Every structure is written in C-alpha cells, then in structure tokens.
Amino acid sequence: MSATPQEAAAALRDGALILLPTETVYGLGADAGDPKAVAAIFEAKGRPRFNPLISHVADAAAAAQIAVFDAAAQALADAFWPGPLTLVGPVRDAARVCDLARAGLDSVAIRVPAHPMARAVLAAFDGPVVAPSANRSGRPSPTTFDDAVEETGFAVAAAVDGGPCRVGLESTVVSVLDGRVALLRPGAVTRAQIEAVVGPLADRGEGHRSPGRLTLHYAPDAPVRIEAATVRPDEVLLGFGPGVGEPRWSLSPTGDLGEAAVNLFRLLREADRTRPAGIAVSPIPATGLGEAINDRLRRAAGFVG
Ligand code: TXA
Ligand code: MG
C-alpha cells in the first residue's frame, strides 16, 4: 500500500497527487507548476481557491529561485531549514509555482521540510511540490499515515508512509515583505525562536495576511469546548498535566507542550470517533508551543479570525 519516494516522484511527474509525510503533518502533494494537478488538490480537499498553498523544496537554494529573500528571510532560512518554518516572500519565478497554487497573489509560501521521506521525494522529483495538510478542508490535520489515507487517500496515486509525524502541528508561517517580518500562523517554531533571529515581529499590516486563516478550521464533528475546568456527561476530556482526566485521553500527562503538540490532532480525531456529545479540553499554557496549540484549539472550537 505504501509507495516509495521514487514512485511518488513518478506520480507527481504524471500530474497525479501523492500523500507526503512531513515532520509537521501529512501533506497532499502535487507538482507546483502543473495547474491541473493543483486544481485536483483544491477539489479533493474542498478547499476555497482563495487560499494559497505552500511549496516544498529541497533546500534554500531552490527556494531562492522561486522567491525573493531579503537578509531577514535568509537568516530565518539559515536558522530553521530544513524544518517546520514557512517563509512568505515576493514571487520571483511565477512559472515554477502556478497562479492557482499562489491563489493569484504576487507572494509565495515556501518551506524545506526535514522529514527524510519528504526530502527523498523532493530530491527524486527535483522541483517544487505544493502540499497543504492532507485533511479535507476544515478538519483536523492528519499526523499518522492511516489518518492521512482516511482523509484524502481516495485522491492520490501514491501514498508514502513516513510513520507518525514527529512535531504534530503545522509549520509556523512568517511573511517577509517590504522589509518587515510578521507572524501569519503560529506553529512548531515558536515566536521567541523567530524573534531571537530577526528581533521583534511587526504587526500584520498591508499584504501580510494569510487567506487560509479566515475559515473554520481543525474542527472534528463533535463540538469542542476549550479551557474546560469540568467535564460534562458524554463528553471526552482531553487533559493536560498530572492527574487530569483519563491517561488514554491526556495530551500530556506530565504537562509537556511538545508532547501535547504531537498528540493534539490525533487525539481530537480519536475522541471524535467515539461519537461523544462534545470534546472538552483542559487549559493549555499560552507560552512557547502553547501559542500554536491554543490557536488550533480556538479555531477547532469555532472562534475564527
Ligand atoms: O506544516 C505545514 O505547513 C503543512 C505541511 C504539509 O507542510 N502544510 C500546511 O499547509 O499546513 P496548509 O495549506 O494547510 O496551510 C498553508 C497556510 C495557509 O494558512 C495559507 O493561507 C498560508 O499558508 N499561505 C500560503 N501561501 C501564502 C501567501 N502567499 N501569503 C500568505 N499566506 C499564505
Ligand atoms: Mg491545513
């Protein structure tokens, strides 16, 4: 059932879709330069076409052919690639990443993933691969091979099994435009880690917007109640910290944010399969990785924007 990186690269060349394991979440991949294949991604996910995709490339040199990187972008690439950081910069070569993949914007989002299987696919394909998270639009991102197959496996010609994702939360999206650096989506690289490299981040201003942040996201079927102090009958409680809720449903029994990130989407999906009246989630600290975890939970609970 699982395809090799070479088979996945061949599928991309044929204009087909693939399941691509990365260290953050599983992606639904296509040749970034093939408008038909990119259209098939939007179709399979039910994703609105105004929401642009991330191009995955093998290294920073390949990224610099597609986008214009200033000194700040270069410093961030040096510090965090390969890894869970996405940089949005002005597009340099619009032919390599088709208009639809960029949702018609004159900026482009790029990342160099760290997962060895993702790197093997990119090396074998030798071109940018667009890959949104492999969930159907609005649902929690898949962090295991089985969850990825369940979400969009029907749409792919090759599915690469890279095991469970090491990070479990999507990349941090940072825009570097007009000499300003802004955080568009908190993620696996923390705000403090970014600011340690480029100094204080700018407020999101003109042009520094992430179209994908406008819609309901990451939501299981059951209603999600966050910062829950008590659990109601027929709710599953996703606990955090020692002695909170059942061990099986704990995001992290020791109160470790990295562990909670790894477990978050998997447990939301597993809890949902028990058809509960609701999913309650314990308070999670807002520091470090907690910023991204709370961002995903607020969106899963329906607090958008
Ligand atoms: O970890 C990840 O980033 C995963 C793995 C598969 O790499 N991918 C992922 O892709 O999370 P997706 O499509 O679910 O999220 C991409 C985000 C969206 O919020 C989108 O709006 C934003 O990046 N984005 C893409 N291009 C952009 C651009 N040119 N300007 C602003 N935001 C952009
Ligand atoms: Mg997504």
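Values in this text are rule-based calculations from the coordinates and carry no lab data. Just so it is clear, the model here is predicted, and its values are computed rather than measured. In this analysis, Cβ positions are derived from the backbone assuming ideal geometry, glycine residues included, and neighbour counts consider all displayed protein chains.
If you average the C-alpha positions of the range 188-259 and of the range 1-39 separately, how far apart do those two centres end up, in angstrom? Using only Cα atoms to place each centre, the spacing works out to 28 Å.
Under a 5 Å amide H cut-off, with hydrogens placed 1.01 Å from N, Ile54 pairs with Ala131 among residues at least 5 apart or on other chains.
With coordinates expressed along the principal axes, the C-alpha atoms belonging to the range 179-254 extend over 52, 29, 18 Å, beginning with the largest.
Whole number please: convex hull volume per residue, Cα atoms of the range 150-305, in Å³. Write out the running numbers ahead of the final one.
Details: hull volume 22.8 nm³, N = 156.
Normalising the Cα hull of the range 150-305 by residue number yields 146 Å³.
Computed from backbone phi, the HN-Hα couplings of the range 249-260 come to 9, 7, 5, 7, x, 9, x, 9, 5, x, 5, 5 Hz, rounded to whole numbers (Karplus: 6.51 cos²θ - 1.76 cosθ + 1.60, θ = phi - 60°; Gly and Pro given as x). Less than 5 angstrom separates the built amide H of Thr86 from those of Thr172, Val173, Val174, all sequence-distant by 5 or more or on a different chain. With each label modelled as a point 7 angstrom along the Cα→C-beta vector, the Ala61-Glu150 pair spans 4.2 nm. 3J(HN,Hα) couplings calculated from phi for the range 93-110 with the Karplus curve 6.51 cos²θ - 1.76 cosθ + 1.60 (θ = phi - 60°) are, in sequence order, 10, 5, 6, 6, 10, 5, 3, 4, 4, 8, 6, x, 6, 9, 10, 9, 9, 9 Hz; Gly and Pro show x.
Once the Cα atoms are used to define both axes, helix 35-45 deviates from the longest principal axis of the chain by about 10 degrees.
Taking the Cβ-Cβ separation of Ala71 and Thr287 as r and a Förster radius of 35 Å, what is the calculated FRET efficiency to the nearest 0.05? Working from the Cβ atoms, E equals 0.75. Taking 7 Å steps out from each Cα toward its Cβ at Lys36 and Asp93 produces label points 2.3 nm apart.
Amide hydrogen proximity for Ser252: with H placed 1.01 Å from N in the peptide plane, the residues at 5 or more positions away or on another chain lying under 5 Å are Gly241.
Which FRET efficiency value, to the nearest 0.05, do you get for Asp256 and Arg209 by plugging their Cβ-Cβ distance into 1/(1 + (r/R0)^6) with R0 = 30 Å? Mind showing how you got there, number by number?
Working: r = 33 Å, r/R0 = 1.09.
The formula returns an efficiency of 0.40 here.
Computed extension length for Val197-Asp106: 30.2 nm, one decimal, from 0.36 nm per residue of separation with the Cα-Cα distance subtracted. GNM on the chain, alpha-carbon springs under 10 angstrom: the most fluctuating residue among Pro220, Pro242, Pro35 is Pro242. Where only DSSP H runs of four or more residues are counted, the chain gives -9000 deg cm²/dmol as its mean residue ellipticity at 222 nm, each run worth -39500 (n - 2.57).
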